[in-house]
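Participant: Quick one: the structure is below, questions incoming.
The values are calculated or read from the model by the stated rules, or taken from the named source; none is laboratory data. Because the structure is a prediction, the values reported are computed rather than measured. Note that each Cβ is placed from the backbone with ideal geometry, even for glycine, and that neighbours are counted across all protein chains shown. To get the accessible areas, we keep the full protein, side chains included, count just its heavy atoms, and leave off ligands, DNA and RNA. Shrake-Rupley method; radii C 1.70, N 1.55, O 1.52, S 1.80 Å.
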Amino acid sequence: HGSSVADPEKTFQQITPDFTIANNEGELEVTLNSRNAPELRVSKDYEVMLATYTKNKEDRAKKQAALFVKQKIDDAKWFMDAIQQRQQTLLITMQAIMDYQHEYFLEGDETKLRPMILKDIAEKVGLDISTISRVANSKYVQTHFGTFLIKTFFSESLSTDSGEEVSTREVKK
């Protein structure tokens, strides 16, 4: 029986990173994965439909249809704006994390990870801690040295005997 050979404890999960950080000769650049940024637009057919219904102002049914179509177009535009704002929030958050952990993202050397808490990034980007937490707990970033859950870059700090701050992650390592 072939299935008894496979270890049921080892299931592999495909991770599609939400961000990519590229190191271009010492210049770090963050990009949002395009699957999080679909191309959205209102079909021209609806704009034409609205124009057609709006021309005929005497016909009550067409006037109502025009109002209905206009409302749906407005709803769609609001939705697209909300998606665009979310993408902007994701990007500025990851940009701030990348800037804060710049030395680490250059090479992937864990000893270069600075102590960083949600509040540090929230203050930097002017967003609520809960927003930063949602990004950190659910998003992945791909780097030239691996793909990571963003929350792994957050850690408390401890002081060494000499008073130097080091991240708890570095201490564990």
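Participant: Filter segment 120-129 for residues that are open to solvent by less than 60 Å² (accessible area, probe 1.4 Å) and in contact (Cβ under 8 Å) with a residue 24 or more places away in the chain; which is nearest to Q13 (Cα to Cα)?
Facilitator: I121
Participant: Continuing with this model, one more query. Within the set of pairs 6+ apart or on separate chains, which have a first residue in segment 29-41 that is of a type in the set (S, T, Y), a second that is modelled with pLDDT of 85 or more, and C-beta atoms under 7 Å apart?
Facilitator: So the pair list comes out as T31/F19; T31/T20.
Participant: Return yes when I132 is surrounded by fewer than 15 Cβ atoms within 10 Å (Cβ to Cβ) and not hydroxyl-bearing (S, T, Y) and no when it is not.
Facilitator: no
Yes/no matrix, rows are residues, columns are (1) in contact (Cβ under 8 Å) with a residue 24 or more places away in the chain; (2) over 30 Å from V48 (Cα atoms); (3) open to solvent by 80 Å² or more (accessible area, probe 1.4 Å):
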| site | (1), (2), (3) |
| --- | --- |
| K70 | no, no, yes |
| M80 | yes, no, no |
| I83 | yes, no, no |
| I92 | yes, yes, no |
| M98 | yes, yes, no |
| Q101 | yes, yes, no |
| L106 | yes, yes, no |
| L118 | yes, yes, no |
| S155 | yes, yes, no |
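Participant: Within segment 1-37, can you find the residues that are modelled with pLDDT under 85, assigned to a loop (DSSP other than H, G, I, E, B) and surrounded by fewer than 10 Cβ atoms within 10 Å (Cβ to Cβ)?
Facilitator: H1, V5, A6, D7, P8, E9, K10, T11, F12, Q13, Q14
Participant: Hey, can you tell me all the residues within segment 79-134 that are within 26 Å of N24 (Cβ to Cβ), in contact with a Ser or Thr (Cβ under 8 Å, 6 or more places away or on another chain) and in a loop (DSSP other than H, G, I, E, B)?
Facilitator: G108, L113, R114, listed by residue number.
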